[in-house]
Structures are given as structure tokens and as C-alpha cells.
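For reference, the structure discussed in these notes is given below.
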There are 4 protein chains.
Amino acid sequence: MSKIKVGVLGATGSVGQRFIQLLENHEYFDLVALGASDKSAGKTYSEAMQSRWKVSPKIPEYAKNMKVVKCNPSDTPDVDLVFSGMDSDVAGEVETEYANAGVMVISNSKNHRTDDDVPVLSAEVNPEHLDVLNFQKTSGKIITNSNCTIMGVTITLKPLMEAFGIESVFIVSMQAISGAGYPGVPSMDILGNVIPLIGGEEEKVEMEPQKCLGKVVDGKIKSADFKISSHCNRVPVIDGHTVCVSVKLKKQTTVDEIKKIWNEYQGEPQKLNLPSAPKKVIDYLEEKDRPQPRIDLMNGNGMTTSVGRLRPDPLFDFKYVVLSHNTIRGAAGAAILNAELVYKKGLLRAK
Amino acid sequence: MSKIKVGVLGATGSVGQRFIQLLENHEYFDLVALGASDKSAGKTYSEAMQSRWKVSPKIPEYAKNMKVVKCNPSDTPDVDLVFSGMDSDVAGEVETEYANAGVMVISNSKNHRTDDDVPVLSAEVNPEHLDVLNFQKTSGKIITNSNCTIMGVTITLKPLMEAFGIESVFIVSMQAISGAGYPGVPSMDILGNVIPLIGGEEEKVEMEPQKCLGKVVDGKIKSADFKISSHCNRVPVIDGHTVCVSVKLKKQTTVDEIKKIWNEYQGEPQKLNLPSAPKKVIDYLEEKDRPQPRIDLMNGNGMTTSVGRLRPDPLFDFKYVVLSHNTIRGAAGAAILNAELVYKKGLLRAK
Amino acid sequence: MSKIKVGVLGATGSVGQRFIQLLENHEYFDLVALGASDKSAGKTYSEAMQSRWKVSPKIPEYAKNMKVVKCNPSDTPDVDLVFSGMDSDVAGEVETEYANAGVMVISNSKNHRTDDDVPVLSAEVNPEHLDVLNFQKTSGKIITNSNCTIMGVTITLKPLMEAFGIESVFIVSMQAISGAGYPGVPSMDILGNVIPLIGGEEEKVEMEPQKCLGKVVDGKIKSADFKISSHCNRVPVIDGHTVCVSVKLKKQTTVDEIKKIWNEYQGEPQKLNLPSAPKKVIDYLEEKDRPQPRIDLMNGNGMTTSVGRLRPDPLFDFKYVVLSHNTIRGAAGAAILNAELVYKKGLLRAK
Amino acid sequence: MSKIKVGVLGATGSVGQRFIQLLENHEYFDLVALGASDKSAGKTYSEAMQSRWKVSPKIPEYAKNMKVVKCNPSDTPDVDLVFSGMDSDVAGEVETEYANAGVMVISNSKNHRTDDDVPVLSAEVNPEHLDVLNFQKTSGKIITNSNCTIMGVTITLKPLMEAFGIESVFIVSMQAISGAGYPGVPSMDILGNVIPLIGGEEEKVEMEPQKCLGKVVDGKIKSADFKISSHCNRVPVIDGHTVCVSVKLKKQTTVDEIKKIWNEYQGEPQKLNLPSAPKKVIDYLEEKDRPQPRIDLMNGNGMTTSVGRLRPDPLFDFKYVVLSHNTIRGAAGAAILNAELVYKKGLLRAK
């Protein structure tokens, strides 16, 4: 069976590099187009990257000599699907162009996340939101994944909502520098320091989980109705967002019951045995001081959500700590898993 | 006028070093005794420290050749007051011995903080708690200061409680490694990492602010009755605890009103013009991404509480960020300020 | 064909963990005994480790329930070979006991490195040094690997010595904290800092490469006769020692010739196709600012030596930068490669 | 006596900030003009800086409301002297314009350092180089200070050269991120990492000490004739360059003799009692693991050169470690000290 031809938009950026790394020898997808800015277009990927490749020792052999092109449907005529890791100042418009050109867009950018006919898809959480694709007016469809910070949090909330209902959530993040891309955060600002602000982040954190955990009503996504408060901080960690969560539930339960529900949680990617699906969606760590980014980052190849320290909360019901890999589970890996889901469900057809 | 003769117990530890640094040429106090473990006793301070002095380039000249003694009233016969920076596994008992021997004990250790006739004194917050000293049965009195993490938080809560009343508080800390002493946190555990547990810390954080903000009733301190929930984390920062706070108040108010109240707040140390009192108790920083430990740590010589990012909170009323220097304002500096207050109020007499 | 039964001595330490990680499903070796201190003996490995496992998210399943025993031949009766990652204060004696008991000892400890009938074996560099094993008087033989800092350096020197001869070498290291074990370096000492001393390191760095590059004469190893000067520094890096090298050669050559010789270098492990042998022994990186520990650490699964910045030196002939993984290539991985070499050459027999 | 009116060119950059910090209440100089790029010109300094002020908690009050102007003699009509902290891509030309306009230029930029009638002045090392000012053709004179990396090294070499003569020097630096300015080094590149390249640095390091330690011959500076080899590295340290030095001398001497000569060294700034002159030019630290940037950075208010670990070298004669504060002693502080020297020697006159 022939593979689906795909492209990566924003191929030279941090998320773009992850796409290229994770798409090497992919079972469903054949990466045939690397889109980037005008500055890079026309060069080979190696030439365009020089010393900007940061995610592993080497650019994969298969990508080295691919020619970089502009992010434009006419420059990438072969692709049936594009993964977008573009900056949000250009992503919105370019993604719409691709959708108009009949190309499926799997985006990591924030621009279309608030459109009520665009799912903020987390493959284990809300696969039923794919129903709204029918209501999108473009021939190509747009699917986004959520912000990296709430990716793991939302995954832990999903089984809690199903079993007990959610009243309110308090979120404090300690986020890795890779979330800001490259060059991103100046070292003078973060070495031995904490920055208690990430521009625009708290707004996303306080809104996206409810959309992700919402319902499809009349072809539109209606967000769940609980409230979230958040504080978002940058800390000197390379990869891996650590998040302190307190949650108030609608029904009473116990620490042990929650642990059991989390450890047993399986979503559609696990049932469909998708290539990027982690065996364990949620891994509850019994060690008293975990999860920690340095140790638990690559749990499930960076696709598992690690959780620990579940305990009663004096103001909410429970508090716990979530860790997920911000550029794999929180970005490129989540997008690829979304594409795999779409493919396996037959929603993606080669041209 | 002759100075009060004082000693430092735990003189070789992290907090002990700060005491020695901050007591150099002190206007009221003359440091005459350095107490430490049996291992160090008998050596000069320089010999005892070797390469363990960490708070600044050099051990102050005045302390270099002082002989270290054991932490025992009979080994420090001259002192009228001791500052205690001892480990909590020995501090409780030794401090009681000193109090029995008629020596005033200004302690940074946690052991006596929960005694209902021992104030958890924050000089700008609850000087009226000194009334309970009369009810202590020892001839020497014991005064503690609070845990370093909530020191700055409690200072910001005091004017809010006075003006509006406090309903509940949510606290998430990102704490510096110096809070764990030396050798303290192994570098393998914290470099490029976050540890989402500090043993015993959340218990203190959820209890001490209420005691500090409580009332004296019948010679005992009755804690304020609001509830606190906390998550405490260790981050790779040398000095300076950054704390995210959300607070629910009893009366409505505005961001501007709170900023004004904070910026104008003055306590008894400011009125008495105590040597270690910062001019500004609370400094509200208007920059959008502050306070930050690296930049704001030494605000007011490490004695000012820096606050920023005050904004409405979807679940509580307001959220904001607090930074204070954990080994100055949160430990040695606070203890010295407490001693200055006691001295200036005439509660401390030379033998 | 049945596998050789092996044990790991010092199984709870940093190097011990790497042994356990790297020996999972090993083609030649079956890890059947985990030796550690009396404190750990009698516990399962999981119990003994608690939160001390640091090298990856999880203790491998196969090791979790193995019972830890004492480091004593009578407590590990089944093994034909032990890998030793013990502290040097006990390693020397215990290793001799094992050799006396007929067990081959592959050691990462420094104790026997200076014995003139014990090879400091680097499998690609001096396999001919195995000849001295015949002259060891014990029935089991002892083989050490070199200090982690000079491991990669010596590998780069080997082809230079063969082709041009070496006159003198200048070495300045910037070493990772994992080299000091756990708890090892206190974070207060290294966060945002450089420590320009590693106790005992310069002595090893200035002596071991000459032994490793020496000749076997009359059953003893005679060190090569060039001189080395070194400065050893600790820097805030988790894994990966970066070393600046300047070298004076006996014959003239060019940058291009050296690069070619390095890139083509193959040792006996490559010829024998040993399981842990990297395909490339030395990987010369053409990027101008490499190698770097964060990016190049895992080159060749942590077994390749990454080199860069080869350029003329105003005082020596050439200068360059070497990076190797200090706990894989510089410790456990090197030891396992040594054992594989010994096995494949028929020097290791099951009891 | 009225003060000399001075300006700072490049006032918004890292070095510019240090100038503003160190010139507060200066005894000789009155900072009246802040020059910066067109983008900042016209704003108050506070407005221009927003959250770019990094060297201490607060912009000094005196500078906050000063109006930023362009770097042009006609925009700064009052000044008799300018301190230049401009980027090297513009510094050369602008500095020449100021010199032509009769303004003395004290520059931290590299552009004029190689001119043979411009001293690379280190006030304690080569005050006699001021003689060449007479040979500069402009009415205003240009004085540079050396590169930050070799500043401390050259200071330690000066008394060695005087007493013993220098044959050759080997230098390996581990440099702080502040040396790259702001935003400077991306955190993704340096957190938990070492970068073994600083563009253009080794060239400066291998040439400037010889000029600084050279002689004035016929109105031109003739460099000393020893050779230097260097490796320059970036490490995750905020401020403070640590440098490993090996030196070959022309005459034999001992470790004790060198320590004595260093500890007693005094230059003209000390004799003239200049305001920024440290009491100790060189401070030899007897602790075995020092100097370290975190601890020794502010020795002598950041103006003293800290040295340690002097010991014999197998290839050269001696090896040792130097630490100096790269933005104080290595930049703004050195420039101010140079200006103080010029002023006190009567070479600077008010217009």
C-alpha cells in the first residue's frame, strides 16, 4: 500500500525539526516537501539548517538533501497533508490557503484553534470532534492540536471528567525553554532564573482544555463549562513542561480510585494501535518526588503523560503533578498522532 | 551605649553564614560566640569553614579567628541573645536549654514554631504577638521567624487582610536550592530540572501564614481561619523563592487599590527605623514579567518583598507573583530584624 | 550458544546503573548478579534503588526484582565475569578477591590501572595489551578501562601516533557532573559556576594516555614517552566531557590529512563487529562550533568520539575539541566493549 | 572643582548599563549624555530600556529620565569624554568622529585596538602607553581597553614579565554568557552545555596581551614578542570569565615567589588612589578549588583579579587559574579606571 505524501511547513523551526525526526520511516506517511521562509527556500535542508538543528545529533539522512520550498500549495503540488509548525504570525493565512487547495492541514499553531468548526484534537481525548470536519467549508480540512502546556493536563482530566465530572481546575506551569523556539529565550534571562510570564499562554491555558473536553453540538464544538485559573512560568529546563494541578470534582472519589482510572486509561489510538500511540496514555509514578522532566521526559518515547503526587487538596479536592514532553507530546508527536488517527479512520485520502 | 552580646548557633551552616555576614558592624549587636557541632568546636572559624563559606567571596575579617564552640549555654557564657540557624533535628532541645539559661533565642528553625506561646514573628506583620512572651515559662524567651517560602507571601497578605479580609489562598512555590542548605540538593537532581517535592514544606506553607496573621487571645496565639492550598517545587535557582499566589478576599476591591495599599505599607520596623528594616516593605513592580529572582533578589538589600503581575483570577479574586530572598528576608535577615524589634521595644536586656 | 554469566559490582551507583541499562538483552552476557554495599544487600534492586535510579525513566524490568547481594565471590557463585563500578576505596581489594577466585574482572575503577601487568584497555586503541593477561598471577584476570576524561582524547591520539608520532599534548577538560557520581557535586557548588579542580584527575589525565598508547615489553606495559599537561574543570553539564586538546607531532602533516585519518579510523571492535562497537570510532564534525555535549552526546549511541575545530596551534602543531560520553564511552560502555573483545577473542570461558 | 562632563555611547547595551551603574555619583565624572541607536533616541532612558535593564534591580534614579540621543558629536555637544560600549559594526567610525570633534574616547570596542597609535590600556599594566596619544592625529584621543577574556590574564602576566620574562602562554577560557551581550546567547544553546567556539575571540586573545605588555618605540606600540595559543569556550555562567593559564618563563622561579609578587603587585591606579582602583590588584586564593565565578566574582567590587591553583606544569613552567569580572574589570570598570587615570595625570581637560 502506498503511503500518503506529506509536507512540513515551518520545517526549519523547533517543531519542524521534531516533525522531520519523528516522520523518519513513518508507516503511513512519506515526507516529500519541506516548506520554510523565503530565506531558506531553494537551499537543501542541510544548507538551510547549518547549525540550527538542535533536537538530536544529526539531521536524518533522508532529509539532508531535500530541497526547501516556500510554504505555498503551488510549491508543494504533491502533498495530500501538511503538518504545520509555522509561527502564528503567518500560520493562519497559509493554512487556510492549503485547506482551500484541498490539502489536509494538521497544525500545531494557535491560529485556528478558536474556530468553532476546527477541532483542538487530542487523539486520546476527543476523537469524536472529528465530526465537525464535515462542517468546514474548505475542501481540505484543518485540525489543530492544543497548546503544549495543557496537553498532558487535559489528558489527565479526561478520565476524571468521564467518571466524576469537573467543577474547576487550578494550573501552575513550569515550562521548558524549547517551548519558545529558537533563538527563543535569551540565556541572560533564564539561566539560574524563573520568568513568571509567558506572553499569551495563560489565556490559552484557561480556554483550550474546555474546548478539548467539550461536545459537538450542531456541527460546532461547545466547550465544557468548568473554569480554569492559571499561572505560567518559564524555568531553566530544556524540554518538558511540569504542571501543578488542583482540581475540584462533581462527585466524591479517592486517591486510589483516581490512580486506577488513570493507569488503565486507553483511548482510540491505543485501540487502533496507531504507530505513535504510547502503550500507556497516563503513567502514575508512585515515587514521592516525581515526575521530573530530566528523568521522566522520554516516558513512552515522549508520548506518555507522567503523573505523580496525587493527594487531597485543602481548597479543591485533589492536587497532583503532570509532566509531558512539550515538543513531542505537546507539539509534533501529537500532530502526527492526530494525522494517524485521521488516516486510520479513513478521513484522509490520497489525491 | 554598649552593644548586646550575641551568639550564632549553627554558625557553619548556610543560614549561620548569613548571620555572620549580616551582623558585621551591627549597630545593636556584638557577635561574640559562634556555636557549631562538636566536629567544628575548638577550631577557628576559618579552619572550621575551609571551602564551605558560600555566601560571598570572603569570611568577614572579624569572624575569621573567632574560636568555634559547642552549642551549649555553658560554652557561650557571655551572650544575652542567640540567633539559631541549627538543623531541626537538634534545634528544639538546644533552644530550650538556652531559654532555660535566661538567654533570648531568635530562631530560624521550625521546632518551636507550632508552640502556641511562641510567636512566628514577622516584624512588619505581627509585632503584637510579642505579648505572648510573658506567658513563656522560661526566663529566656523564644521567638521564631516563619518558613522562608511564606515570608514574603505573608507580608503581602497582611495589608490585604487588614483592608479586605482573606477567604482563601492558593500558593505554588518555585524555590531556590540554597533553602536546602549545604551540601543540600545534589546537582544531578536539579540541573536543568524541576523537583516537584520539598519534604515537609507544604505542611508549613499551609499553616504558618495563618499563625503569623492570627490574634493573641488569653496569652496564646490563635491562628487566622482562612485555608491555604500549596504545591512546593525546587527549581535551579541559587537564591530567591518565587511564589505564585491566588487569593480570595472577603470584600471586593480593585487591582489599583491593592497596588496602592502594598506600595504604601509600613510596619513597626519602618516606624522605629530599625537598622535592617527595608525602606519599602513591599515593592510592586510594574514591568509585565517581574519579579524575577536573578534581577530582583537584592531589592532593599534582600529585605524588600518584590511583587508583580497582579491581575484578576477566574477562580479566586486576584493572582500575583511574590519574590523574596530566602536566606536574607526568609531566614537570617528576618531573624536579625526580629531581634532589633525586640531590642528597640525594650524587651531585651543585657545580663 | 549459552551466554556468559556476569555480575555488576557497585550496582546501585551511577556507573552500575549504566551497566544494568546497557546489559539489557546483551548478545553475549547474561546479568545474573547485582553486588552492592551491605546496606543494599538482601533487598530487591527496586527496593535498594528507590529514587536513586537516574539514567533513564525506568529500571529495566529484568533487573527490578533481582536480589542485591554483597560484593564477594562467595555471594555471586555463578558468574564468570564481573563488571566493577565500585568506589575506589573498596574496589582494589574486592577486585583482587574476584581474580583470585577465578573470575574475570572488567573494572572501571582506578585502583589497578597503574599495575604494570594490568591493561588500561581501550578496545579500539590497544587490544594487543591483552597479551599481559598471561603474566597476571591470578586465575581470573583484571582488565581496566581508562579514566573517562582521557577516553576520547586517547582515541583521537591513537591514529595520530601511528601516522605521525606524538611529541607532547596539552589537555583542558570541562567535565560533566555525572562523573562525580551521586549525590556527587552539590548544586550550590556548580549551578551557574565552574569549579577549576577535580581531585586527583589531573594526575590520571597526565599518565593514563601514555600507558594506553604504550607497548608490551617482556609481559609488562611500557608507557609511551610523550608528556601531557592538563587542567581539569567541572562545569554545569549533566553528561559529556568536553576537552580542548593541543598536540605537537613528530612529523609534519595537514588539517585535511588528520581529518581523513580520523574519519576512516577502525579498530578491532569494528573488524570483529562487536555488539557495542560504534560504526564510526571518531566522527569529525565540520560545523564550526561543535562538538557540544547537549547535541553530540549520543553520537553512535554514546560510543562514538566526536571531534571538531581542528586548526593550527601557534605553540603546538594542532588544536581541536573532543567530546565523549563520560558514563557510556568513558565508563560502562567502554567496559562492556572490553568484555566483548575479550569474549570474541576467546579469552573468556564459562566455568 | 567641577566634574568632567561625560557621555556613554551604546547606553542601552550590556556594557552601557554597567557604565551607567558604575558612574552613579562618580567623583570625577558627570554623566550628561546617553547615546544609543536611532530606535531609542528621543525616549527617556526608562522608556528605551523597558525590561532590558539586566545588571541590577533598578535603573539608577539619576538616569531614568535622561533623554537618549543619537551617537553623534552634534547630539552630545557638552561632553569632554565619551565611554563607548557600542557594537563593533558601528563603533569604529563613530569613535573616530568623536575624536575628530575633540572629544576623548574611552572605548570598550575592538575596532581601534589594533591601531599602532592607540593604546590597549590596562591601567595597572601599561600606563606608559599613554605616551602614544601625542602621536594620534585627531584633537580628541582614543584609548581602548583590552578584550574581557585576557584582561585578568594580562594583569597576572605583567609582574611575571617584569620579574622573569615570558617565553610563551597557553590560555583556555570558560567564558560567561554576559560577554555576548543581550539577547546574546540563546538559552537553547547554552543551558547544561558548553560551546567550544566564540567567534573572533581566539584571534584577540592571541594578540592583545602582547600589545598590552609591549613597549612604546618612536610613538608607536611595539608588541611583546612571546607567543600565545588559546581555546575559547562559552559556559553557562552569567558573569565572570574563568581562564586556565600555562606559562613558560625566561628565568627560573618558584610557586612561592610568584604568589608573593602577585599579592604585592601595585600599579599606578593604586599609587594615585583612583576611585575605581581595587586595593588588591591580584588576589591569590589559597583554597585548593578557587577561584570560582559564583563566589569570587565581586572580589574588590569586581575590579580585583582572583588567581589560584598555581602549580608546576609538565610542559610549560607553571599553570594557574584566573577569574575576572567580564563586564566590570573586563569592560566598563576597566574603561572608567582608564578614564580616571587619564584625568588624574592631567591628560583630560574640560572644553
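The values are calculated or read from the model by the stated rules, or taken from the named source; none is laboratory data. Predicted model only: the values in this text are computed from it and were never measured. Heads up, the Cβs are rebuilt from the backbone with ideal geometry, glycines too, and the neighbour counts pull from every protein chain shown.
Taking the stated definitions as given, is A:Ser223 small (Gly, Ala, Ser), more than 27 Å from A:Thr12 (Cβ to Cβ), away from chain D (no Cβ under 14 Å) and free of Cβ contacts under 8 Å to residues at least 60 places away in the same chain? When the stated conditions are applied, A:Ser223 passes them. Whenever a residue of segment C:108-125 is more than 19 Å from C:Gly152 (Cβ to Cβ), its partners that are in a loop (DSSP other than H, G, I, E, B) and of a type in the set (D, E, K, R), lying with C-beta atoms within less than 9 angstrom and at least six residues away or across chains, give the pairs C:Ser109/C:Asp87; C:Asp117/C:Lys137; C:Val118/C:Lys141.
Given the residues A:Tyr265, A:Tyr284, A:Tyr182, which is the only one that is among the aromatic types (Phe, Trp, Tyr) and without any contact (Cβ under 8 Å) to a residue 40 or more places away in the chain?
The unique qualifying residue is A:Tyr284.
So, in segment D:324-351, of the ones that are within 14 Å of the chain's Cα centre (by Cα) and closer than 16 Å to D:Asp30 by Cβ, which residue ends up surrounded by the fewest Cβ atoms within 10 Å (Cβ to Cβ)? Per the criteria, the residue is D:Glu340. In segment C:304-350, what residues are at pLDDT below 95 and either aliphatic (A, V, I, L, M) or not in a loop (DSSP other than H, G, I, E, B) (or both)? Those that are at pLDDT below 95 and either aliphatic (A, V, I, L, M) or not in a loop (DSSP other than H, G, I, E, B) (or both): C:Leu347, C:Leu348, C:Ala350.
With respect to the stated conditions, D:Val68 fails to be in contact (Cβ under 8 Å) with a residue 60 or more places away in the chain and either more than 26 Å from A:Asp189 (Cα to Cα) or touching a Phe, Trp or Tyr at 6+ places or on another chain (Cβ under 9 Å) (or both).
Please work out which residue is surrounded by the fewest Cβ atoms within 10 Å (Cβ to Cβ), limiting yourself to segment D:286-313 and to residues that are over 15 Å from D:Val243 (Cα atoms) and more than 10 Å from chain C (Cβ to nearest Cβ). Ranking the qualifying residues of segment D:286-313, first place goes to D:Glu286. Looking only at residues of segment B:84-102 that are in contact (Cβ under 8 Å) with a residue 60 or more places away in the chain and among the hydrophobic types (A, V, I, L, M, F, W, C), we find that the one that is surrounded by the most Cβ atoms within 10 Å (Cβ to Cβ) is B:Met86. Is it the case that C:Ile155 is in contact with a helix residue (DSSP H, G or I) (Cβ under 6 Å, 6 or more places away or on another chain), outside the structural domain of C:Cys71 (by TED's automatic domain parsing) and within 22 Å of C:Val322 (Cα to Cα)? Against the criterion (in contact with a helix residue (DSSP H, G or I) (Cβ under 6 Å, 6 or more places away or on another chain), outside the structural domain of C:Cys71 (by TED's automatic domain parsing) and within 22 Å of C:Val322 (Cα to Cα)), C:Ile155 does not qualify.
Within segment C:314-328, the set of residues being in contact with a helix residue (DSSP H, G or I) (Cβ under 6 Å, 6 or more places away or on another chain) and more than 10 Å from chain D (Cβ to nearest Cβ) comprises C:Ser324, C:His325, C:Asn326, C:Thr327, C:Ile328.
Would you mind stating whether D:Ser84 is within 14 Å of chain B (Cβ to nearest Cβ), under 24 Å from D:Asn338 (Cβ atoms) and among the hydroxyl-bearing types (Ser, Thr, Tyr)? Against the criterion (within 14 Å of chain B (Cβ to nearest Cβ), under 24 Å from D:Asn338 (Cβ atoms) and among the hydroxyl-bearing types (Ser, Thr, Tyr)), D:Ser84 does not qualify.
Taken as a whole, the structure leaves C:Glu268 outside the set of residues that are among the acidic types (Asp, Glu), surrounded by fewer than 19 Cβ atoms within 10 Å (Cβ to Cβ) and within 14 Å of chain D (Cβ to nearest Cβ). Of the residues D:Val94, D:Val118, D:Val90, D:Val169, which is at pLDDT 95 or above, β-branched (Val, Ile, Thr), out of contact with any His (no Cβ under 6 Å at 6 or more places or on another chain) and not assigned by TED's automatic domain parsing to the domain that holds D:Lys227? Selected residue: D:Val94, the only one of D:Val94, D:Val118, D:Val90, D:Val169 that is at pLDDT 95 or above, β-branched (Val, Ile, Thr), out of contact with any His (no Cβ under 6 Å at 6 or more places or on another chain) and not assigned by TED's automatic domain parsing to the domain that holds D:Lys227. When segment B:156-186 is filtered for residues that are part of a loop (DSSP other than H, G, I, E, B), within 7 Å of chain C (Cβ to nearest Cβ) and crowded, with 23+ Cβ neighbours inside 10 Å, only B:Val185 remains. Scanning segment A:288-310 for residues that are touching an Asp or Glu at 6+ places or on another chain (Cβ under 9 Å) and of a type in the set (Lys, Arg) returns A:Arg290, A:Arg294, A:Arg309.
I want to confirm something. Restricting to segment A:226-244 and keeping residues that are small (Gly, Ala, Ser) and over 30 Å from C:Arg294 (Cα atoms), which single residue is nearest to the other protein chains (Cβ to nearest Cβ)? Going through the qualifying residues, I end up with A:Ser229. Looking only at residues in segment C:187-220 that are in contact (Cβ under 8 Å) with a residue 24 or more places away in the chain and among the β-branched types (Val, Ile, Thr), the one that is farthest from the other protein chains (Cβ to nearest Cβ) is C:Val216. Answer yes if at least one residue in segment B:245-260 is in contact with a helix residue (DSSP H, G or I) (Cβ under 9 Å, 6 or more places away or on another chain), within 17 Å of B:Leu160 (Cα to Cα), within 14 Å of chain A (Cβ to nearest Cβ) and not polar (S, T, N, Q), and no otherwise. Yes, some residue in segment B:245-260 is in contact with a helix residue (DSSP H, G or I) (Cβ under 9 Å, 6 or more places away or on another chain), within 17 Å of B:Leu160 (Cα to Cα), within 14 Å of chain A (Cβ to nearest Cβ) and not polar (S, T, N, Q).
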